[in-house]
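Worksheet for the structure shown next.
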Amino acid sequence: MKLEGKSVVVTGASSGIGKAIVELFAKEGANVIAVARRKERLEALAASAEGYPGKVVPCPGDVSKEEDVNAAIDKAVAEFGKLDILVNNAGVMDDMSPIGDATNERMEQVFSVNVYGPMYAMRKAVQVFLAQGNGGNIVNITSLGGMRTCAGAIYCASKAAMISLTKNTAFMYLPNGIRCNAVAPGGVKTEISTSMGMPNMNGYGRVKDVLAAAPESGTPEQLAAATLFLASDDSSYVNGDVLVVDGGWNAG
């Protein structure tokens, strides 16, 4: 098992990529604090994982709230005695708006989940890692949208911020044995599009040709496997990197 005895926090754990990560990590021996807003889904996930080598503990919370993020990491330490790995997976879409059409409300919504939430979690996790004194590992689920224009201005900016934060954290804490990498999915079969609402037609009209060039969407399980690589010792010499998992979309 690649994560035997590891203590992990995974956000956005109730569906899609996050759910697949929790399931795979628990199968690989990790004890996981599963964080999301939908309590009933987390409880169902924990129940379904009862036969796995690792334990799954539901932790209902909103990643845009600092107190909820801190509580999740504190819960990992209380339940498992330590924190080894943080996976920032929770995310929401924008509505494809170009910047001229972007609203303050949508900016706040997307950045509070996609940027501020991970920053809260990483700040708290790094403090715990430093106190423990034996390193740590952070994996951020960003997006191909942080590298090229396949969504609106707000979403792309939020995911680009995650990439920059990943690299900065890897550099800053290299002497402390803390690794920080990112996975950048392309199209994946998840529920994230439900957070979009009605798309802005100005932005969608520009982006649709890019979207049309995408290969068939990947699965949450494929993204979970990539995340496992970065979370495990298999990637012990990988730091500050962005692993693009998009079926070759970015190659064109």
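The values are calculated or read from the model by the stated rules, or taken from the named source; none is laboratory data. Remember, predicted model here, so these are calculated numbers, not experimental data. Cβ coordinates were reconstructed from backbone atoms using ideal geometry, including for glycine residues, and neighbour counts include every protein chain displayed. Areas reflect the complete protein model, heavy atoms only, side chains present, ligands, DNA and RNA absent. Shrake-Rupley method; radii C 1.70, N 1.55, O 1.52, S 1.80 Å.
Residue separation times 0.36 nm, minus the C-alpha to C-alpha distance between residue 250 and residue 38: what's the value?
On the way: separation 212, 0.36 × 212 = 76.32 nm, distance 3.29 nm.
Stretched fully, the residue 250-residue 38 segment lengthens by 73.0 nm.
What order do you get for 59-65, 8-14, 149-155 when each peptide is scored by the mean count of other beta carbon atoms within 10 Å, highest first? Working shown, then result.
Values: 59-65: 20.3, 8-14: 28.4, 149-155: 24.0.
Descending mean neighbour count gives 8-14, 149-155, 59-65.
Do the sum for the chain: with -39,500 (n - 2.57) for every DSSP H run of n ≥ 4, divided by all residues, what is the mean residue ellipticity at 222 nm, to the nearest 500 deg cm²/dmol?
Value at 222 nm, helices only, nearest 500: -13000 deg cm²/dmol.
Heavy-atom accessible area per residue, the chain, 1.4 Å probe: how many Å²?
Working: 11300 Å² over 252 residues.
On a per-residue basis, 45 Å².
Any idea how far the Cα center of segment 14-73 sits from the one of segment 74-151, in Å?
15 Å
Ranking request for peptides 89-100, 47-58: highest mean number of other beta-carbon atoms within 10 Å first, then the rest in descending order. Write out the running numbers ahead of the final one.
Working: 89-100: 21.8, 47-58: 16.8.
Going from most to least packed, we get 89-100, 47-58.
Tell me, what is the percent relative contact order of the chain, built from C-alpha pairs under 8 Å that lie six or more residues apart? Display every interim value, and only then the final one.
Details: 551 pairs, mean separation 51.6, N = 252.
It comes to 20 percent, rounded to a whole number.
Note down, for segment 62-154, the three equivalent ellipsoid semi-axes (square root of 5 times each alpha carbon gyration tensor eigenvalue), biggest first, whole angstrom. Before the final figure, lay out each step's value.
Details: eigenvalues 185, 38, 16 Å².
Semi-axes, largest first: 30, 14, 9 Å.
What FRET efficiency comes out for residue 104 versus residue 1 if R0 is 35 angstrom and r is the Cβ-Cβ distance? Round to the nearest 0.05.
On the way: r = 47 Å, r/R0 = 1.33.
Rounded to the nearest 0.05, the efficiency is 0.15.
Once both labels are modelled 7 Å past Cα along the beta-carbon direction, what's the residue 77-residue 127 spacing in nm?
Those two pseudo-labels are separated by 0.8 nm.
Two decimals, Cα atoms only, Kirkwood Rh: what is Rg/Rh over segment 28-82?
Numbers: Rg = 11.2 Å, Rh = 11.5 Å.
Rg divided by Rh gives 0.98.
Using a Cα-Cα cut-off of under 13 Å, which aspartates and glutamates could be cross-linked to residue 39, ignoring same-chain neighbours fewer than 8 residues away?
62
Rounded to two decimals, what is the ratio between the C-alpha radius of gyration of segment 1-126 and 2.2 N^0.38 Å?
My calculation over the Cα atoms of segment 1-126 gives 1.09.
Can you pull the percent of segment 115-169's accessible area that's carbon plus sulfur, 1.4 Å probe, other chains left in place?
Working: 1000 of 1880 Å².
Summing carbon and sulfur atoms, their accessible area is 53 percent of the total for segment 115-169.
When you count, for each residue, the other Cβ atoms within 10 Å and take the mean per peptide, how do 163-170, 28-35 rank with the highest first? Walk me through the intermediate numbers first.
Details: 163-170: 18.2, 28-35: 26.9.
Descending mean neighbour count gives 28-35, 163-170.
Could you give log10 I(q)/I(0) at q = 0.07, 0.10 Å⁻¹ for the chain, computed by the Debye formula over C-alpha point scatterers of equal weight, without solvent?
-0.21, -0.44
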